[in-house]
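Visitor: The structure is given below, and queries will be raised subsequently.
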Number of protein chains: 2
Amino acid sequence: MKAVVLAAGKGSRMGKHFGRKPKCLLPILGLSLIERLLHIFQENGINEVIIVTGYQSELIQQKIASKQIPGINIIYIKNEDWEKGNESSLEAALTEIDRDEYFLLVMSDHLYDPHLIKEAVEKVQQKQLIIFYDDSVARNELEGALKITVDTAGKIFDIGKQLDSNLVDCGIMILKGDIKELCENSKDMKELSELVKFYSIKHSITACKVGSSYWQDIDTYENVHSARNKILRSLITQKEGFISRNFNRHISLKLTSYIASFNIKPNSISFISFLISVLSGALFFYKNPLWAGIAAQLSSIIDGVDGEIARVKFLSSRYGGYFDSILDRYGDVSIITGMAFYSLSAERYEAVLIIAVMAMVGSFMSMISKEKFHSEYGAPYLQRMYDGWTQYLPSSRDGRLFIIFLGGVFNQVFPALVILALLTNFQALYRLMYTVKKIKV
Amino acid sequence: MKAVVLAAGKGSRMGKHFGRKPKCLLPILGLSLIERLLHIFQENGINEVIIVTGYQSELIQQKIASKQIPGINIIYIKNEDWEKGNESSLEAALTEIDRDEYFLLVMSDHLYDPHLIKEAVEKVQQKQLIIFYDDSVARNELEGALKITVDTAGKIFDIGKQLDSNLVDCGIMILKGDIKELCENSKDMKELSELVKFYSIKHSITACKVGSSYWQDIDTYENVHSARNKILRSLITQKEGFISRNFNRHISLKLTSYIASFNIKPNSISFISFLISVLSGALFFYKNPLWAGIAAQLSSIIDGVDGEIARVKFLSSRYGGYFDSILDRYGDVSIITGMAFYSLSAERYEAVLIIAVMAMVGSFMSMISKEKFHSEYGAPYLQRMYDGWTQYLPSSRDGRLFIIFLGGVFNQVFPALVILALLTNFQALYRLMYTVKKIKV
């Protein structure tokens, strides 16, 4: 499947903030707009990308070539007439597209939600002509935007900046190669919107709402800020625990936003999180519960950053998930062992041994009861769907480390161990005897 | 897909051992031959089974009706002429088969390897006419057997008991509904073999070797014994550990063979194995390492029986696998905790706490490092393929419980804990840092 990326323009409005570089090279959270786009294309099975360059074409080509993305074949077309506008750039790209071929056309200076590209790819496969629009753009931003109007059948009726409409074109559309006939017959056309409008008269084009997917046209510094926030917000998933979603993420997303521009690998962050949990264990051992608790919570927060960085910079790997998971287990062990030694000074060692073992076992069981389900039933264990009221128990890692944090800060280390021991084993046994038993997948 | 089962005969040769019941009701490891066949059919997607009965037809129908097998539609056809032989029984079944339909024909008094039925089902789908044969039958058993000869193209040339051939018919073939034309035209034919032989003249039938699959024609008490052994041997899988394969299975298969005829659920056996590991932990706690070690090993052996019974009696379930796995973890914890308490009398409690925690963590890690792989990579962790030389380390559950057994019997409980702690964590870290890292699935 082919995608055409228009990257020939100058993006003059950003000039003062971004020097003289083309806008598609603008880095957001450690990746330039066009690199991000190529990664999203790759994840969605687009294997041929035609990039039309103009302004500073060598620089764009250089920057992209320095980051290999396997499985994507890139064709660069330099549009010498780039100053004439996007219509001429599309025309240049059409030499690589067959007349009966459907293709994706996107602007290189926009940010797109991977879900939006995924939806578009599916519609290319279904051979639909489409323009994506957004009807939720703020009134004060409507003025300069390219807008569309739609007829009663949901087809494009008109396109233009002057239209009285709140349906804003998102700069992503699906066209067909036969649009080149129109280009050949109307040499005096200047605007891409004009071309598409004429094309839509003969071949009706469907207007498709972007729905819950995000996108962002990047013209100003405020747009950059907003784009960054949209990416960061998309990292909070529904399947994570209460503490993680409502507390840890507020901090970890800030950290991610800060370190994304550095060249730090997700596995290095997993390892740092592990080291901090070892430090927490050591602090408990050396009778410093306050800082030990804080270190445990810090480790929990940083445990979120590795995954965030991996997703933001398209560095996710199965080994990364495996590595993080195994290190987390050893991190838990280190903290609980430290807590056990700390408790020995006040409690009988038999009680400590029993409770520490139970807390350790329970924290492992919390994971095993889900992973074993996954391998046995061939589908992930959905806590929100299966766990009933026990989904609110803080027995996942974010909840457990929060209990340890509280136990450390309020110097109630042994009670925290007891709570962990009861909570986690209860959860595992509840799953064994009740929730998993009744699941039919 | 349809299968025809011929269950009309009397099986007179077994009479003296089995009373007056039809041979297909002969129980082997807790399931009658015909029930086993229906289970295998169900697992391989055969949804319509035509059972031709004659001798004691009501009894057969009654016995099968008492054991519901979901997803299989059974049609009973009573062949009043059953004493005329199998040819007349097949003829009776053909009323339910269309002329252009391929179907599986099997004898109800044979034992078949599920793999053999699976292979046959695939060949029915490919619309092949086939007779399965075995060329490894002992010379002294050739005499009374139905044999085939094959031409140079691998097609059936002749069929008969008198042939000088060592290719024995296995009683499983794939035929087509148009064989009924032959039945109508040759009313005086007595033998099924004769019918098939005539059919093969016009429609060439391929002779297919059973290969590594087992089968057994059941005529004598020795055959029953041999059939039972073939099923039991098939339970030993390649993926289990050294101790399990070479030691535990010898005992667990005997237990399975003994208890298969009782109505004991696999989950009950898992629970008994768990209780014995709790007993082992308690015996360590009460300073009886000898019997504690023996109990640990016994629990390990019985831990194999649940799966054996489940497979022998077609009672496998995903919940059963889940239940067994979670109980095993708690069983391990119980034993290691007992060992830790036992060690406290001789060792410093700090050392015991550290080593016990490490041994516990390692025994969990042994599982987690495989299960997490499964969920992350979407394929099971193949120890024999990935683990290199570390596959020979006794770090799986069978190996670990054997170390505990030795530690108990020779009263070296703490050293056994130390070995467990080092071995299992080494294995997990080796997987993390070496084997999993280089796997590309």
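Visitor: What's the average, rounded to a whole number, of partner chain beta-carbon atoms within 10 Å of each residue's beta-carbon in A:424-430? Show your work: numbers first, answer last.
Guide: On the way: counts 0, 2, 0, 0, 3, 2, 0.
Rounded to a whole number, the mean comes out at 1.
Visitor: Along Cα→Cβ at 7 Å, what distances in nm separate the A:Trp291 label point from those on the other copies, shortest first?
Guide: 5.1
Visitor: From Cα pairs below 8 angstrom and at least 6 apart in sequence, can you work out the relative contact order of chain B, rounded to a whole percent? List each step's numbers first, then the result.
Guide: Numbers: 725 pairs, mean separation 58.7, N = 441.
The normalised contact order for chain B reaches 13 percent.
Visitor: Return the inverse of the average 1/r over all pairs of distinct C-alpha atoms in segment A:134-193, which is the Kirkwood hydrodynamic radius, in Å to one decimal.
Guide: Working: mean 1/r = 0.0763 Å⁻¹.
Computed over segment A:134-193, the radius equals 13.1 Å.
Visitor: Can you list residues whose amide H is under 5 Å from B:Cys208's amide H, if they're 5+ apart or on another chain and H is modeled 1.01 Å from N?
Guide: Under 5 Å from the amide H of B:Cys208 lie the amide H atoms of B:Ile131, B:Phe132, B:Tyr133, each far enough along the sequence or on another chain.
Visitor: Follow-up. Counting other C-beta atoms within 10 Å, and keeping those with at most 12, which DSSP coil trypsin sites (Lys or Arg not before Pro) do you find in segment A:124-199?
Guide: Details: sites: A:Lys127, A:Arg139, A:Lys147, A:Lys155, A:Lys161, A:Lys176, A:Lys180, A:Lys187, A:Lys190, A:Lys197; in loops: A:Lys127, A:Lys161, A:Lys187, A:Lys190.
Counting only loop positions with at most 12 other Cβ atoms within 10 Å, the trypsin sites (Lys or Arg not before Pro) in segment A:124-199 are A:Lys127, A:Lys187, A:Lys190.
Visitor: Per residue of segment A:324-330, in order, report the coupling 6.51 cos²θ - 1.76 cosθ + 1.60 (Karplus, θ = phi - 60°) as ³J(HN,Hα) in whole Hz, putting x for Gly and Pro.
Guide: With coefficients 6.51, -1.76 and 1.60, one gets 4, 5, 5, 4, 4, 4, 5 Hz.
Visitor: Which loop trypsin sites (Lys or Arg not before Pro) in segment B:1-93, with loop taken from DSSP, have no more than 13 other Cβ atoms within 10 angstrom of their Cβ? Provide the component values of the computation, followed by the final result.
Guide: Details: sites: B:Lys2, B:Lys10, B:Arg13, B:Lys16, B:Arg20, B:Lys23, B:Arg36, B:Lys63, B:Lys67, B:Lys78, B:Lys84; in loops: B:Lys10, B:Arg20, B:Lys67.
Qualifying residues, ordered by number: B:Arg20, B:Lys67.
Visitor: Explain nothing, just compute: Karplus ³J(HN,Hα) = 6.51 cos²θ - 1.76 cosθ + 1.60, θ = phi - 60°, for every residue of segment B:68-78 in order, whole Hz, x for Gly and Pro.
Guide: Taking θ as phi minus 60°, the curve returns 5, 10, x, x, 10, 9, 9, 10, 9, 10, 8 Hz for segment B:68-78.
Visitor: A further question on this structure: Among B:Phe41, B:Phe262, B:Phe414, whose mean-square fluctuation peaks in a Gaussian network model of chain B (Cα, cutoff 10 Å)?
Guide: Looking only at B:Phe41, B:Phe262, B:Phe414, the largest GNM fluctuation is found for B:Phe262.
Visitor: Under the rule a/c < 1.5 gives rounded, and otherwise a/b versus b/c splits prolate from oblate, where does segment A:1-139 land using the Cα gyration tensor? Kindly include the intermediate steps, with their values, before the conclusion.
Guide: Working: a/c = 1.34, a/b = 1.23, b/c = 1.09.
It comes out rounded by the Cα gyration axes.
Visitor: State whether segment A:297-441 is rounded, prolate or oblate according to the following rule on the C-alpha gyration tensor (a ≥ b ≥ c being the square roots of its eigenvalues): a/c under 1.5 gives rounded; otherwise a/b larger than b/c gives prolate, and the remaining case gives oblate.
Guide: Details: a/c = 2.13, a/b = 1.28, b/c = 1.66.
It is oblate, given that a/c is not under 1.5 and a/b is not larger than b/c.
Visitor: P(r) for segment A:193-339, please, calculated from all Cα pair distances in 10 Å bins and given in %.
Guide: 11, 30, 28, 14, 10, 5, 3, 1
Visitor: May I pose another question? Cross-link list B:Lys118/B:Lys147; A:Lys67/A:Lys176; A:Lys440/B:Lys372; B:Lys10/B:Lys63: which exceed 27 angstrom alpha carbon to alpha carbon? Write out the running numbers ahead of the final one.
Guide: Working: B:Lys118/B:Lys147 23 Å; A:Lys67/A:Lys176 30 Å; A:Lys440/B:Lys372 22 Å; B:Lys10/B:Lys63 16 Å.
Exceeds cut-off: A:Lys67/A:Lys176.
Visitor: To the nearest 0.05, what FRET efficiency results for B:Asn185 and A:Thr152 with a Förster distance of 60 Å applied to their C-beta separation?
Guide: On the way: r = 70 Å, r/R0 = 1.17.
So, using R0 = 60 Å, E works out to roughly 0.30.
Visitor: So, one more: Rounded, prolate or oblate for segment B:376-421? Axes are the square roots of the Cα gyration tensor eigenvalues, ordered a ≥ b ≥ c, and the cut-off for rounded is a/c under 1.5. Could the numbers behind the result be given before it?
Guide: On the way: a/c = 3.23, a/b = 2.85, b/c = 1.13.
Because a/c hits 1.5 or more and a/b exceeds b/c, segment B:376-421 counts as prolate.
Visitor: Let me ask another. Under 21 Å from the Cα of B:Lys254, which lysines turn up, not counting those fewer than eight places away in the same chain?
Guide: The qualifying lysines are B:Lys230, B:Lys239, B:Lys265, B:Lys313.
Visitor: Name the most mobile residue of B:Met173, B:Met385, B:Met107, meaning the one with the largest mean-square fluctuation, in a Gaussian network model of chain B with Cα contacts below 10 Å.
Guide: B:Met385
Visitor: Length gain on complete extension for the stretch B:Leu59 to B:Phe262, per 0.36 nm per residue less the alpha carbon to alpha carbon distance?
Guide: So the extension gain works out to 71.0 nm.
Visitor: Right, another one. Just subtract the alpha-carbon distance of A:Lys127 and A:Leu142 from 0.36 nm times their residue separation and send over the number in nm, one decimal. If you can, show how the numbers build up before the last one.
Guide: Values: separation 15, 0.36 × 15 = 5.40 nm, distance 3.04 nm.
Net length gain for the segment: 2.4 nm.
Visitor: Would you mind calculating the gained length between B:Arg20 and B:Gln42 on full extension (0.36 nm times residue separation, minus the Cα-Cα distance), in nm to one decimal? Display every interim value, and only then the final one.
Guide: Working: separation 22, 0.36 × 22 = 7.92 nm, distance 2.87 nm.
Additional length available on full extension: 5.1 nm.
Visitor: OK, next. Choose one of A:Asn166, A:Ser204, A:Asn44: the residue whose Cα lies farthest towards the positive end of the charge dipole of segment A:2-219 (beta-carbon charges +1 Lys, Arg; -1 Asp, Glu; about the Cα centre).
Guide: Value computed over the given set: A:Asn44.
Visitor: Sequence-distant or interchain residues sharing an amide H contact under 5 Å with A:Lys78, placed H: which?
Guide: Residues meeting the amide H criterion: A:Thr53.
Visitor: State, to one decimal in nm and shortest first, how far the label point of B:Leu422 sits from each corresponding label point in the other identical copies (label point: 7 angstrom along Cα-to-Cβ).
Guide: Here B:Leu422 shows inter-copy label distances of 4.0 nm.
Visitor: Let me ask something else about it. Need the C-alpha centroid separation for segment A:293-369 versus segment B:143-207, integer Å.
Guide: Between the Cα centres of segment A:293-369 and segment B:143-207 lies a distance of 68 Å.
Visitor: Say a label goes 7 Å from Cα toward Cβ at A:Pro380 in every copy; what distances in nm does this one have to the rest, shortest first?
Guide: Counterpart label points of A:Pro380 in the remaining copies fall at 2.4 nm.
Visitor: Using a Debye calculation, one point per C-alpha and no hydration shell, please list log10 I(q)/I(0) for chain A at q = 0.07, 0.09, 0.13 Å⁻¹ in order.
Guide: -0.47, -0.70, -1.08
Visitor: Shifting gears a bit: Can you tell me the mean projection area, over all orientations, of the convex hull of the protein assembly as shown's alpha carbons? Units nm², please. Don't jump to the answer; show the numbers that get you there.
Guide: Numbers: hull surface 191.6 nm².
Its average projected convex-hull area is 47.9 nm².
Visitor: Between A:Ala351 and A:Thr390, how high is the FRET efficiency from 1/(1 + (r/R0)^6) when r is the Cβ-Cβ distance and R₀ = 22 Å? Nearest 0.05.
Guide: On the way: r = 26 Å, r/R0 = 1.20.
Computed FRET efficiency for A:Ala351 and A:Thr390: 0.25.
Visitor: Please report the relative contact order for segment A:2-219, taking Cα pairs under 8 Å with a sequence separation of at least 6, and give it as a percent rounded to a whole number.
Guide: Values: 406 pairs, mean separation 51.8, N = 218.
Result for segment A:2-219 is 24 percent.
Visitor: Counting alpha carbon pairs within less than 8 Å and at least 6 residues apart, what relative contact order, in whole percent, applies to segment B:235-438? Could you put the intermediate results ahead of the total?
Guide: Details: 275 pairs, mean separation 56.7, N = 204.
28 percent.
Visitor: So what is log10(I(q)/I(0)) for segment A:242-329 at q = 0.23, 0.25 1/Å, when the Debye sum runs over its Cα atoms only?
Guide: Treating every Cα as an identical point scatterer, log10 I(q)/I(0) equals -1.11, -1.22.
Where a number appears in this text, it was derived from the coordinates with a stated rule and is not lab data. The structure presented is a predicted model; accordingly, all values stated were derived computationally and were not measured. Using ideal geometry, Cβ is built from the backbone for each residue, glycine included, and neighbour counts are taken over all protein chains shown.
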